[in-house]
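S.K.: Structure incoming, see below.
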Amino acid sequence: MFQTFKASTSPDQGPPRLKALRQVLETEGFDGFIVPRADAYQGEYVSDRDARLAWLTGFTGSAGFCIVLRDKAGIFIDGRYRVQVKDEVATDHFTPVHWPEIKPAAWLKDHLTSGKIAFDPWLFTKLQIDEITDELGGSDITLAPSDNFVDAIWDAQPAPPAAKVEAYPIELSGKRSPDKRDQIAEKLRKKGHKAAILTLPDSICWLLNIRGSDIPRIPIVQCFAVIHDDAKVDLFIDQHRVEHLDPDPAITVIPPAEFAATIAKLDGPVRVGAGSAPLAVTHILEAADVETVHAMDPCILPKARKNKTEIEGTRQAHLRDAQAMIRFLAWLDAQTPGTFSEIDVATTLEGFRTQTNALRDVSFDTISGAGPNGAIVHYRVTEDTNRTVEEGDLLLVDSGGQYVDGTTDITRTIPIGTPTAEQKKCFTLVLQGMIAVSRARFPKGITGRDLDALARAPLWREGMDYDHGTGHGVGTYLSVHEGPQRLSRASEVPLDPGMILSNEPGYYREVAFGIRIENLIVVRAAAPKGDNREHLDFETITWVPIDRRLIDTTMLSPGERDWVDSYHAEIASKINVDGAAADWLKAATAPL
C-alpha cells in the first residue's frame, strides 16, 4: 500500500509547541512569527522535514498559514478547510481565520498597535511579503526576516530527502533536455537576461528530464538550479544523488551549501520568480549588487503546454486508470451497506490500480468521504476518523494514480442505496456545471477566470456555490496540481493548447454530504467555425461513467442529456473489462 491511514497530527500537540515558540519570540525580541505551509520550493506538498505548519498546529491542509503573537495565534484557512480545521486543531489556542476574506495585514492591525513580526525569508516569495508590507503601510507593525523559530524548537525534525534521481526518457518526455535548455536560453537572450534562477522542482525536473521521490505522491527532485543564456545549467544537489546518471558537460553539479555564494557571483541581469522564488534569493542578489529582474519562471509555461508525446502518454494513463476505476465501482456496487468502511474503499481502489502493474504511486491520498465526511473538501480518512459506509450515504471518492506516462485525477460521487430527491437535485446541478465546461468553446486568449462561472451558474441560480476553484493544472508524471493554468476566479493566465486541467465543480452541505464530479480535460484548437476566428475547446481524457442514479433527467436540457449519453457511449467503446465489471459497465453506460 502506498497510502497509510495513521493520523499524522493530533490537536493536543499544538498547545505545548505554541508555548515553546512564544518563549523563543520573547527571547529574540519579536512580537510575532508567521508559519507558512510552504517550503523553500513553494510546493503545495512538502516533505516531513518541512511540514512546520502541521507540526505546530496539527492542520494538514495543503494551503494556509499561522500567525503566532505573544497572546494570540490565528490559523488562516480557505473555504476548503473550514470544516477540517475544527477536527485537527486545538481551536481554543489557534483561532481559525477565514482567508483570503481576512488578510494577514488586516488581522495583525486588529490585534496589534505596533510590533515586529518575524518570518523566514526562505519560505516566502517576494510577492507575498510585498503584499503584506504594503497593506501594513501607515501602521507601526513591521515584518522582519529572521531564522526559522519553528526549526529552533523542533527537536526531532526529520532529515531532508536524499533519494537517487532517475532519468525520464525521451520516449515519455517527447523532447530532449538539451532542446529544452536551448529553448529557455533563447527566451533569456531575447529578454536580455544573463541567467534565470530556478527554484521550482517541477520546472527543473521538466527542464532536465529527471524525476525523483523526494515528496510522497509527487515524483519530483528537491533542488535549485541556474540556467544561463548559453543553455548551460548549474544544478545544486548532492553529487551522490546523480552520480549514476549519464554525465552532461553542459550541467555542472554543485553542492547545495554553495548555492548562496554561487548566485552572488552571477552577472546580471538575473531573472528571479517574484511569485515562486524564496525572498532570500532576492536578498542574496541585492546584497551582492547583482542586477535582478523579477519575472515568471521561464519554464512554467513551456512545461504547461504539453507536447504530443506527453498528451498521448497521459491519454494512455487515463485509459489504464479507467479500467481500474470501473472494476472498483463494480466492486463497490456489489457491497452491502454497513459492511465496509472509508478505508476499505481507499485500499480496494488502490488495489485495482496496483493490478495494472504500472502504478508508481497514488497521485495524492485518496479522499474517501461518506456522508458528512464528504463535505470536508480535502478529507483524508484515518484510523481515527474512519466511518462505515451506510445506506443513504453519498460516497465521494477523489483519487488518482502516478503512472510513468501520465498523472490521473478523478472524482466520482456514488449513492449508497436509493438517493433522495434533494441529493439528486444537488448532484444534477453540479453535473450541469461540469458539462458546461466540457462543452465550452472560446476564443484564444481567454483565461480560467473567464470560464469558471460556467461551472457555477447552475448552482448560483439555486443560491448555492462551492469554495474551491473549478479546476487546476495537472502535470505529466509530475505534480497533480500544476500551475499556472487554472479554472478559477483567481486565474489570469490565458489557456493554451496542450494544457491539462481538471474540471471539478462540487457542492458541500456540512454534516450531511459532499458532491464532486471531476474529469481531466486538455485544451486544444477547435475546429473552424463561423467567421474562422481562432478558438479553443476541451478534449475530455477521463473515461469513467458518471452515476446515472444521481441524475435527475428532468433537469437536463436536450444538449446536456446528449452529452451524457455520448460520453457514456464513448466509454463503452474505449474501455475493455471482463466478468462482473463488464456487466456493470454495460448498465452504467446505458442511455439516459
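The values are calculated or read from the model by the stated rules, or taken from the named source; none is laboratory data. Owing to the predicted nature of the structure, the values given are computational and were not obtained by experimental measurement. A quick note on method: Cβ atoms are made from the backbone with ideal geometry, for glycine too, and the neighbour counts reach across all protein chains shown. Accessible surface is based on the protein model in full, side chains and every heavy atom, while ligands, DNA and RNA are left aside. Shrake-Rupley method; radii C 1.70, N 1.55, O 1.52, S 1.80 Å.
S.K.: Compute the FRET efficiency between residue 525 and residue 489 as 1/(1 + (r/R0)^6), taking r as their Cβ-Cβ distance and R0 = 25 Å, and round to the nearest 0.05.
M.R.: Working: r = 26 Å, r/R0 = 1.03.
Result of the calculation: an efficiency of 0.45.
S.K.: A follow-up question, please. Of the accessible area of the chain, with the probe set at 1.4 angstrom, what percent is carbon plus sulfur?
M.R.: That share works out to 49 percent.
S.K.: Figure the gain on full extension for residue 28 and residue 390 (residue separation times 0.36 nm, minus the Cα-Cα span) and round it to one decimal in nm.
M.R.: Between residue 28 and residue 390, full extension yields 125.0 nm more.
S.K.: Based on the Cβ-Cβ distance of residue 260 and residue 418, what FRET efficiency does E = 1/(1 + (r/R0)^6) give at R0 = 60 Å, to the nearest 0.05? The partial results should precede the final answer.
M.R.: Numbers: r = 63 Å, r/R0 = 1.05.
FRET efficiency, residue 260 to residue 418: 0.40.
S.K.: So what is the relative contact order for the chain, in percent, with contacts set as C-alpha pairs under 8 Å and at least six apart?
M.R.: Numbers: 1269 pairs, mean separation 69.2, N = 592.
Once normalised by length, the contact order is 12 percent.
S.K.: Let me ask you something else. Could you report segment 295-365's accessible area per residue, 1.4 Å probe, as an integer in Å²?
M.R.: Counting only protein heavy atoms, the per-residue value for segment 295-365 is 37 Å².
S.K.: So, one more: How many angstrom separate the Cα center of segment 142-157 from the Cα center of segment 351-394?
M.R.: Segment 142-157 and segment 351-394 have Cα centres separated by 35 Å.
S.K.: Amide H of residue 63: which non-local residues (sequence gap of 5 or more, or other chain) have their own amide H closer than 5 Å, using H built in the peptide plane?
M.R.: none
S.K.: When a/c is below 1.5 the answer is rounded, else prolate if a/b is larger than b/c, else oblate, so apply that to segment 44-85 with a ≥ b ≥ c taken from the square roots of the Cα gyration tensor eigenvalues.
M.R.: oblate
S.K.: Normalised by the residues of segment 173-297, what does the relative contact order come to in percent, with Cα pairs under 8 Å and at least six apart?
M.R.: It rounds to 24 percent for segment 173-297.
S.K.: Which peptide among 262-274, 405-417 comes first, and what is the full order, when sorted by highest mean count of other Cβ atoms within 10 Å?
M.R.: The packing order, highest mean first, is 405-417, 262-274.
S.K.: Would you kindly state how much longer the chain becomes between residue 170 and residue 341 on full extension, computed as 0.36 nm times their sequence separation minus their alpha carbon distance, in nm to one decimal?
M.R.: So the extension gain works out to 57.3 nm.
S.K.: Something else: With charges only on Cβ, +1 for K and R and -1 for D and E, what is the dipole size of the chain about its Cα centre, in debye, rounded to 20?
M.R.: Roughly 1200 debye for the chain.
S.K.: Further question: Note down the nm distance, to one decimal, between modelled labels 7 Å out along Cα→Cβ at residue 360 and at residue 453.
M.R.: With each label placed 7 Å out from Cα toward Cβ, I get 4.0 nm.
S.K.: Sticking with this structure for a sec: According to a simple spin-label model (label point 7 Å from Cα along Cα-to-Cβ), what is the distance in nm between residue 496 and residue 182?
M.R.: 1.9
S.K.: Here's something else I'd like to know. Rank by packing, highest mean first: peptides 460-467, 73-80, 565-572, with packing defined as the count of other Cβ atoms within 10 Å averaged across residues.
M.R.: 73-80, 565-572, 460-467
S.K.: While we're looking at this one, here's another question. By the scheme Lys and Arg +1, Asp and Glu -1, what is the net charge of all other residues having a beta-carbon under 14 Å from that of residue 144?
M.R.: Counting the neighbours of residue 144, the net charge comes to -4.
S.K.: Where both partners of a DSSP beta bridge lie in the chain, what percent of those bridges are antiparallel, to the nearest 5?
M.R.: 75
S.K.: Using only the C-alpha atoms of the chain, find the volume of their convex hull and express it per residue in Å³.
M.R.: 163
S.K.: Could you tell me which of 408, 443, 421 has its Cα farthest along the dipole of segment 376-445 towards the positive end, charges placed at Cβ (Lys, Arg +1; Asp, Glu -1), taken about the Cα centre?
M.R.: 443
S.K.: Okay, moving on. So for segment 38-105, averaging the separation of alpha carbon pairs under 8 Å that are six or more residues apart and normalising by length, what relative contact order in percent results?
M.R.: 26 percent.
S.K.: Quick check on packing: order 251-258, 348-355, 321-328 by the mean number of other C-beta atoms within 10 Å, highest mean leading. Intermediate values should be presented prior to the final figure.
M.R.: Numbers: 251-258: 14.1, 348-355: 18.9, 321-328: 24.4.
My ranking of the peptides, most packed first, is 321-328, 348-355, 251-258.
S.K.: So, for segment 1-69, what is the accessible surface per residue at a probe of 1.4 Å, expressed in square angstrom?
M.R.: 38
S.K.: How much accessible area per residue does segment 126-215 have, in Å², with a 1.4 Å probe?
M.R.: Per residue, segment 126-215 has 46 Å² of solvent-accessible surface.
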